[in-house]
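Participant: Could you have a look at this structure, given as structure tokens, before my questions?
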Amino acid sequence: MRRVLLALAVMGLVTGAAIAQPATDLGGGVFIAHAPAGLVYSSDPPAEGWCHFGRINGCDDQLNDYLPTSDYVVMYVVAGFLQESQWCGIEFGVSYAPGLLMTEFGRCVPSDGLEIAQPGWPASGTGISIVTTDVPWTGNFLPVYWFSAYAYGSATTFALGDHLGTPGPTAFANCAQQEFPAVCYGAFGFANTMGVDCCPEIPPPPSWACCLYDGSCIFVTEEDCAGQNGVWYPGMTCEQVECPFPMVCCIVHECLIIHPDECLAQGGVVHPEFEDCTDNPCEELTPADPSSWGSIKAIYR
């Protein structure tokens, strides 16, 4: 996916309007395998185009079991999400037995798009990346690709999966170029073979950096962080944050071990040079104007 988006940026095909779209959380998305009953491929395409027949209203509408072996079956890859979503990029791979002949295929995009397929696509074990170049996909159950296939009598499966030619389990990219894995890939079953159903699901809550009071950082969910009275930094790892830790704070001649921000809020002065309040180092000090925590960090970094 990254290489496709980079190629688009270099070629000037991704417009400013597309990139400016608000970030959409595509977590929990799936690739559904769907073959409408009775739909047979013809060299004379329907007026609406083949993509028109791939829409479904929900998980219960998907059909992928016991597909006939006597016709050229039309199969769809449907992107499925829990709610109406907007995305600009997809990638997936395919795998199937030699007894399955792929005849025709094509992308389903709202207006225009660009694709980068591996050599031999759609041979088994290859993958494809597709992006829209003007109008994004918008919906929650939309066809993004179609195939026509003929099975030579023997039971076989046509399975969707990761694009093995790119790094990471990326499947969807929103228009802000944030990438998300698919939680399920469907499959088509021919003859006496059952397919594999998929349905979008609520993704687990994300884990990000959480700064604890003692200055340590842990990688947990927002709920777990709040349970430990920490400060959660969504979208950041512990390597990306600098957690403040308690220091000696002199409020006039009183010595406390508290966070720098707490110290300054009480009119105190932070003293990073003191390790603790043993023998009360504040008694010997002349009260001074407090400095900001930022200036203190700059001095003692």
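The values are calculated or read from the model by the stated rules, or taken from the named source; none is laboratory data. These numbers were taken from a predicted model, which means no experiment stands behind them. Glycine gets a Cβ as well: all are built from the backbone with ideal geometry, and neighbour counts include every protein chain shown.
So that you can scan it fast, the table gives a plain yes or no per residue for (1) loosely packed, with under 14 Cβ neighbours inside 10 Å; (2) modelled with pLDDT of 95 or more:
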site	(1), (2)
Gln177	no, no
Asp197	no, yes
Val231	no, no
Thr237	yes, no
Val252	yes, no
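Participant: Does any residue of segment 152-161 turn out to be buried (at least 20 other Cβ atoms within 10 Å of the Cβ), polar (S, T, N, Q) and either assigned to a loop (DSSP other than H, G, I, E, B) or at pLDDT 95 or above (or both)?
Facilitator: Yes, there is a match, as at least one residue in segment 152-161 is buried (at least 20 other Cβ atoms within 10 Å of the Cβ), polar (S, T, N, Q) and either assigned to a loop (DSSP other than H, G, I, E, B) or at pLDDT 95 or above (or both).
Participant: Out of all the residues in segment 61-73, is one or more in the same structural domain as Phe172 (by TED's automatic domain parsing), modelled with pLDDT of 95 or more and surrounded by fewer than 15 Cβ atoms within 10 Å (Cβ to Cβ)?
Facilitator: yes
Participant: Looking at segment 64-74, is at least one residue over 29 Å from Cys175 (Cβ atoms) and among the aromatic types (Phe, Trp, Tyr)?
Facilitator: yes
Participant: If Pro98 satisfies every condition in (1) in contact with a Ser or Thr (Cβ under 9 Å, 6 or more places away or on another chain); (2) touching a residue at least 40 places away in the same chain (Cβ under 8 Å) but one, which is the exception?
Facilitator: For Pro98, the exception is condition (2).
Participant: Is it true that Glu84 is of a type in the set (D, E, K, R), assigned to a strand (DSSP E or B) and modelled with pLDDT of 95 or more?
Facilitator: No, not satisfied.
Participant: I would also like to ask the following. Out of everything in segment 217-229 that is without any contact (Cβ under 8 Å) to a residue 24 or more places away in the chain and either part of a strand (DSSP E or B) or among the charged types (D, E, K, R) (or both), what residue ends up being surrounded by the most Cβ atoms within 10 Å (Cβ to Cβ)?
Facilitator: It comes out as Val220.
Participant: From the list Gly93, Gly54, pick out the single residue that is in contact with a Pro (Cβ under 8 Å, 6 or more places away or on another chain), surrounded by 15 or more Cβ atoms within 10 Å (Cβ to Cβ) and small (Gly, Ala, Ser).
Facilitator: Testing whether each residue is in contact with a Pro (Cβ under 8 Å, 6 or more places away or on another chain), surrounded by 15 or more Cβ atoms within 10 Å (Cβ to Cβ) and small (Gly, Ala, Ser) leaves just Gly54.
Participant: For segment 201-211, what are the residues that are in a loop (DSSP other than H, G, I, E, B) and either among the charged types (D, E, K, R) or surrounded by 15 or more Cβ atoms within 10 Å (Cβ to Cβ) (or both)?
Facilitator: Glu201, Pro203
Participant: Here's another thing I want to ask about it. For Asp214, which of the numbered conditions (1) surrounded by 15 or more Cβ atoms within 10 Å (Cβ to Cβ); (2) assigned to a loop (DSSP other than H, G, I, E, B) fails to hold?
Facilitator: (1)
Participant: Right, here's the next one. Restrict the check to segment 107-128 and report whether at least one residue is in contact with a Phe, Trp or Tyr (Cβ under 6 Å, 6 or more places away or on another chain), surrounded by fewer than 22 Cβ atoms within 10 Å (Cβ to Cβ) and not in a loop (DSSP other than H, G, I, E, B).
Facilitator: Yes, segment 107-128 contains a residue that is in contact with a Phe, Trp or Tyr (Cβ under 6 Å, 6 or more places away or on another chain), surrounded by fewer than 22 Cβ atoms within 10 Å (Cβ to Cβ) and not in a loop (DSSP other than H, G, I, E, B).
Participant: While we're here: Look through segment 129-143, keep the residues that are touching a Gly at 6+ places or on another chain (Cβ under 7 Å) and among the β-branched types (Val, Ile, Thr), and return whichever of them is surrounded by the fewest Cβ atoms within 10 Å (Cβ to Cβ).
Facilitator: In this case the residue turns out to be Thr133.
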